[in-house]
Amino acid sequence: MVVIEPRRAWQLVDWPALWRYRELLAILAYRDISVRYKQTVLGAAWAVGQPLLQLAAFWLFFGRMGGLADKVEGDYSLFLLAGLLPWQLFATGVGQAAQSVVQNQNLISKVYFPRLVVPMAALGSAVVDFAVACLVAVPWLLWRGVGWHASQWLVPVFGLGVIVATLAVGVGLSALVAEFRDFRYVTNFLLQIWMFVSPVAYPLSVVPGGWQWVYALNPLVGLISGLRSALLGQSFAWGPILVSVVALLVLLGVGLACFQRVEQRLADIV
Amino acid sequence: MDTPAIRVCDLGKSYRLGAQPAGYRTLRESLAGAFSAPLRRFRELAGSDGTGGEEAAGTKEFWALRDVSFEIAPGDVVGIVGRNGAGKSTLLKILSQITPPTTGRIEIAGRIASLLEVGTGFHPELTGRENIHLNGAILGMNRREIRSKFDQIVAFAEVEQFLDTPVKRYSSGMYMRLAFAVAAHLDPEILIIDEVLAVGDATFQKKCLGRLGEVAAGGRTVLFVSHNMQAVTRLCNRGILLSRGRVAAEGSVETVVRHYLTDGNHSAAERHWEPAEAPGNDVARLLRARVINPSGQTSQTLDIRRPVGIEMEYEVCTGGQVLVPNIHLYNADGICVFINNGWQHARPPRGPGRYRSVAWIPGNLLSEGTFTVGVALSTLDPIIVHFFAPESVAFEVVDSLDGDSARGPYAGVFPGVVRPVLEWDTTRESAREAVSA
């Protein structure tokens with residue numbers, strides 16, 4: 001028996017329904033990935049080339065000319081790599097998720113399914129891009145002398161953290177974009193700013209000690225620095241990581257709440 | 001009676017201006033409100049008690065559905081009819097859980113699937129095979145179900161050799177067939193269908209109707225929304241007429257369709273104008289227009305073989321003009337079937353008084369379907385239009401399939417703007433099988 005009733009403004013996420021629609025989630029993600037990689041060479045090149053070019057530019061301008069390379073423990077190119085890979089995952093994922101609801105408006109206005117499926121599926125191709133880029137990065141890591149560390153098992157854990165952060169921000173933004181189309185432009189702007197307040201090109205130590213707690217309220221601070229430490233076998237900054245994890249959970253709550261608030265009337269507003 | 005398949009109680013759905021449902025204030029509105037509407041806030045406060053919110057926003061609120069209640073028994077095939085904006089689509093969207101209601105409650109017993117469009121989610125870059133899986137998942141089939149029906153779907157769509165071709169290379173016919181094939185193999189207990197049949201060519205529509213008939217005959221509950229009264233009458237056993245968001249009639253499909261065509265209180269086949277609103281100028285005013293059958297009675301439904309009379313009554317206030325009555329006939333597709341005027345009988349110039357003009361459309365001219373008629377009165381030299389009332393009356397031409405209409409014994413799809421009975425002459429020119437070029 002299905003009961004349809006007016007819904008409260010604030011609604012919890014219906015996880016069982018989401019689980020029932022896991023196949024739809026998978027196939028929508030597959031659609032995005034497949035369409036993206038249909039011209040295989042270009043698709044893969046995009047996933048690898050973009051971080052690579054970014055890496056080269058950062059290395060030259062921040063590392064060499066800006067002098068950041070000296071402030072970094074070890075090889076700056078490896079430092080950048082470990083920062084750009086998760087950043088790229090975040091930026092692509094957020095960008096795609098934010099547009100996803102508006103892009104799939106014909107689905108949303110014609111068929112019922114838990115709406116959360118749409119922004120979640122949009123992360124799929126960002127995750128695949130990330131995986132491809134990681135695979136390409138492995139030989140380079142080996143070549144630059146990064147061997148096996150015991151701490152590297154934490155890399156997937158932090159990677160998962162970045163995916164959760166992407167989900168939190170992407171889901172929240174997708175709802176905002178659906179409601180206020182201006183947020184489409186806000187997304188790009190937000191991502192630009194966000195990169196500079198994340199330790200992608202510079203180390204955590206650049207931020208004065210007393211401010212690091214505040215700085216770590218950006219979840220990417222703890223996640224990227226943690227992922228980097230785990231990958232390169234450096235010491236972890238546990239304090240900021242802990243703050244970031246708490247901030248991440250709050251952000252996830254806010255993102256989902258934003259989405260749930262708008263979810264039920266998405267069909268009316270997109 | 002068994003438990004109903006669908007029970008709808010006091011269903012209501014309101015939208016705010018700008019398609020926002022009521023009850024949720026948005027950030028934008030709050031922002032806009034803070035700057036531009038202290039006046040409204042004041043009015044709201046001055047207006048009434050706490051429940052006055054709806055009233056205060058009254059100008060901005062629109063109820064697409066209100067106090068809608070009905071029950072549908074299992075196995076019923078129900079046609080939901082109503083004019084544009086009557087709330088049909090909103091009702092479908094609520095039943096399909098695409099949008100929540102503002103008030104009321106719906107209970108649905110059984111697995112429900114809705115088909116508001118064929119080919120939802122189809123991606124042109126993906127192959128036929130991929131799109132079948134994608135569309136199936138979107139429509140709520142699981143992987144095992146899709147796999148077990150895959151071959152049937154492909155056979156129904158007749159696209160075997162193009163399965164691994166991106167659908168962007170399909171012809172539009174193949175695309176539609178594939179899209180409908182997936183939908184046609186949904187296997188719910190309750191099926192909700194919007195005007196899916198409004199797309200595609202006649203053959204395709206026939207195939208869809210045929211498949212729908214099978215589904216309905218299979219004992220499933222079907223809700224079918226359409227403007228096509230023929231399809232509704234043919235497929236459904238019950239009907240619900242929505243009018244301005246409320247249930248205007250409910251019952252057997254014949255009763256409901258008649259209600260729909262006669263528009264409840266005033267018949268669509270007859271229309272009066274109050275003096276205050278009568279179309280016209282100081283020369284002449286339209287008083288009444290109606291559709292009549294050969295015996296002179298107002299009639300909504302007319303036999304395709306019999307003449308149809310379009311009658312208009314008007315008052316001539318200032319005499320001395322040559323007045324030509326004319327009618328403008330449109331079919332359901334909005335095509336102008338013809339315009340005709342009575343210039344032959346317009347002389348002498350009319351003196352003041354009340355006049356009645358009738359135009360007789362011969363039998364066996366119009367095809368089946370709904371027609372709307374505009375009536376006008378004009379002077380041709382120089383051209384002056386004294387009144388023109390577009391879409392003033394409407395009527396339905398039906399073929400009772402007795403075998404002596406233009407159809408003869410053929411009962412299938414019969415396209416054509418007009419359907420005259422022509423003289424045919426076939427003679428045997430030669431006993432040999434010689435065929436001239």
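The values are calculated or read from the model by the stated rules, or taken from the named source; none is laboratory data. No experiment lies behind these values; they were computed from the predicted model shown. Here the Cβ is made from the backbone with ideal geometry for all residues, glycine too, and neighbour counts use every protein chain on show. These area figures cover heavy atoms from the full protein model, side chains too; ligands, DNA and RNA do not enter into them. Shrake-Rupley method; radii C 1.70, N 1.55, O 1.52, S 1.80 Å.
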Report task. State whether one or more residues within the stretch A:20-42 are modelled with pLDDT of 85 or more, more than 19 Å from the chain's Cα centre (by Cα) and more than 13 Å from every other protein chain (Cβ to nearest Cβ). Result -> no
Report summary line: For the stretch B:388-431 the number of residues that are touching a residue at least 12 places away in the same chain (Cβ under 8 Å) and among the polar types (S, T, N, Q) is 3
Query - Number of the condition not met by B:Ala155 [criteria: (1) buried (at least 19 other Cβ atoms within 10 Å of the Cβ); (2) of a type outside the set (Ser, Thr, Tyr); (3) more than 26 Å from A:Gln105 (Cα to Cα)] - result: (1)
Report summary line: Just one listed residue, out of B:Leu365, B:Leu401, B:Leu422, B:Leu380, is open to solvent by 30 Å² or more (accessible area, probe 1.4 Å) and within 21 Å of B:Leu286 (Cβ to Cβ), and it is B:Leu380
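For every residue, the table says whether it meets (1) of a type in the set (Asp, Glu); (2) more than 23 Å from A:Arg31 (Cβ to Cβ); (3) surrounded by fewer than 19 Cβ atoms within 10 Å (Cβ to Cβ).
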| residue | (1), (2), (3) |
| --- | --- |
| A:Leu116 | no, no, no |
| A:Gly124 | no, no, no |
| A:Val127 | no, no, yes |
| A:Val157 | no, yes, yes |
Query raised in the report: When the residues of the stretch B:159-183 are filtered to those that are open to solvent by 10 Å² or more (accessible area, probe 1.4 Å) and small (Gly, Ala, Ser), which remaining residue is farthest from B:Ser89 (Cα to Cα)?
Result: B:Ser171
Query raised in the report: Looking at this structure, is B:Arg350 under 23 Å from B:Cys317 (Cβ atoms) and crowded, with 17+ Cβ neighbours inside 10 Å?
Result: yes
**Report entry** Residues of the stretch B:138-172 satisfying the condition of being modelled with pLDDT under 90, closer than 23 Å to A:Ala29 by Cβ and assigned to a loop (DSSP other than H, G, I, E, B)
**Finding:** B:Leu139, B:Gly140, B:Met141, B:Asn142
Report task. Would you mind stating whether B:Arg285 is farther than 30 Å from B:Asp402 by Cα, modelled with pLDDT of 90 or more and not hydrophobic (A, V, I, L, M, F, W, C)? Result -> yes
**Report entry** the stretch A:139-155, subset within 24 Å of A:Ala237 (Cα to Cα) and open to solvent by 40 Å² or more (accessible area, probe 1.4 Å), residue nearest to the chain's Cα centre (by Cα)
**Finding:** A:Trp153
Query raised in the report: Quick check, is B:Arg290 open to solvent by 70 Å² or more (accessible area, probe 1.4 Å), farther than 17 Å from B:Ser378 by Cα and modelled with pLDDT of 90 or more?
Result: no
**Report entry** Set A:Val169, A:Val111, A:Val157: member being assigned to a loop (DSSP other than H, G, I, E, B) and in contact with a Gly (Cβ under 9 Å, 6 or more places away or on another chain)
**Finding:** A:Val111
Query raised in the report: Would you pick out the residues in the stretch B:323-334 that are under 15 Å from B:Glu396 (Cα atoms) and either part of a loop (DSSP other than H, G, I, E, B) or open to solvent by 50 Å² or more (accessible area, probe 1.4 Å) (or both)?
Result: B:Tyr330, B:Ala332, B:Asp333, B:Gly334
Query - Test for A:Gln88: is it touching a residue at least 60 places away in the same chain (Cβ under 8 Å), open to solvent by 10 Å² or more (accessible area, probe 1.4 Å), polar (S, T, N, Q) and assigned to a helix (DSSP H, G or I) - result: no
Requested in this report: Taking B:Pro275 as the residue in question, decide whether it is modelled with pLDDT of 90 or more and either farther than 29 Å from B:Gly12 by Cβ or in a strand (DSSP E or B) (or both).
Outcome: no
Query raised in the report: Of B:Gly319, B:Gly264, which residue is at pLDDT below 90, in a loop (DSSP other than H, G, I, E, B) and in contact with a Lys or Arg (Cβ under 8 Å, 6 or more places away or on another chain)?
Result: B:Gly319
Report task. Name every residue in the stretch B:115-128 that is modelled with pLDDT of 85 or more and more than 7 Å from chain A (Cβ to nearest Cβ), in order of residue number. Result -> B:Phe122, B:Pro124, B:Thr127, B:Gly128
Query raised in the report: Out of (1) within 9 Å of chain B (Cβ to nearest Cβ); (2) open to solvent by less than 30 Å² (accessible area, probe 1.4 Å); (3) not β-branched (Val, Ile, Thr), the odd one out for A:Phe58 is which?
Result: (1)
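Given the criterion more than 19 Å from A:Leu173 (Cβ to Cβ) and in contact (Cβ under 8 Å) with a residue 12 or more places away in the chain, identify the matching residue among A:Ser100, A:Ser151.
Just one listed residue meets the conditions, A:Ser151.
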Query - All positions within the stretch A:219-270 that are more than 14 Å from chain B (Cβ to nearest Cβ), open to solvent by 20 Å² or more (accessible area, probe 1.4 Å) and not hydrophobic (A, V, I, L, M, F, W, C) - result: A:Gly233, A:Gln234, A:Ser235, A:Gly239, A:Gly253
Requested in this report: Select from the stretch A:198-220 the residues that are hydrophobic (A, V, I, L, M, F, W, C) and touching a residue at least 24 places away in the same chain (Cβ under 8 Å) and list them in ascending order.
Outcome: A:Val200, A:Ala201, A:Leu204, A:Val206, A:Trp213, A:Ala216, A:Leu217, A:Leu220
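Which ones in the stretch B:378-396 are out of contact with any Lys or Arg (no Cβ under 9 Å at 6 or more places or on another chain) and assigned to a strand (DSSP E or B)?
First pass over the stretch B:378-396, keeping only residues out of contact with any Lys or Arg (no Cβ under 9 Å at 6 or more places or on another chain): B:378-385, B:388, B:390-391, B:394-396.
Correct list: B:Ser378, B:Thr379, B:Ile384, B:Val385, B:Phe388, B:Pro390, B:Glu391, B:Ala394, B:Phe395, B:Glu396.
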Query raised in the report: Could you say which residue among B:Ile132, B:Ile80, B:Ile138, B:Ile98 is more than 9 Å from chain A (Cβ to nearest Cβ), within 23 Å of A:Ser100 (Cα to Cα) and not basic (Lys, Arg)?
Result: B:Ile132
Report summary line: Residue hits (the stretch A:120-168; over 30 Å from A:Val35 (Cβ atoms) and charged (D, E, K, R)) are A:Arg144
Query raised in the report: How about the stretch B:95-120: which of its residues are outside any loop (DSSP other than H, G, I, E, B) and of a type in the set (Lys, Arg)?
Result: B:Arg105
**Report entry** Which numbered condition B:Val253 misses (of (1) open to solvent by less than 40 Å² (accessible area, probe 1.4 Å); (2) without any contact (Cβ under 8 Å) to a residue 24 or more places away in the chain)
**Finding:** (2)
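Yes/no per residue for (1) assigned to a helix (DSSP H, G or I); (2) within 14 Å of another protein chain (Cβ to nearest Cβ); (3) at pLDDT 85 or above; (4) surrounded by fewer than 21 Cβ atoms within 10 Å (Cβ to Cβ):
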position: A:Gln11; (1), (2), (3), (4): no, yes, no, yes
position: A:Ala17; (1), (2), (3), (4): yes, yes, yes, yes
position: A:Ala69; (1), (2), (3), (4): yes, no, no, yes
position: A:Gly83; (1), (2), (3), (4): yes, no, yes, no
position: A:Ser100; (1), (2), (3), (4): yes, yes, yes, no
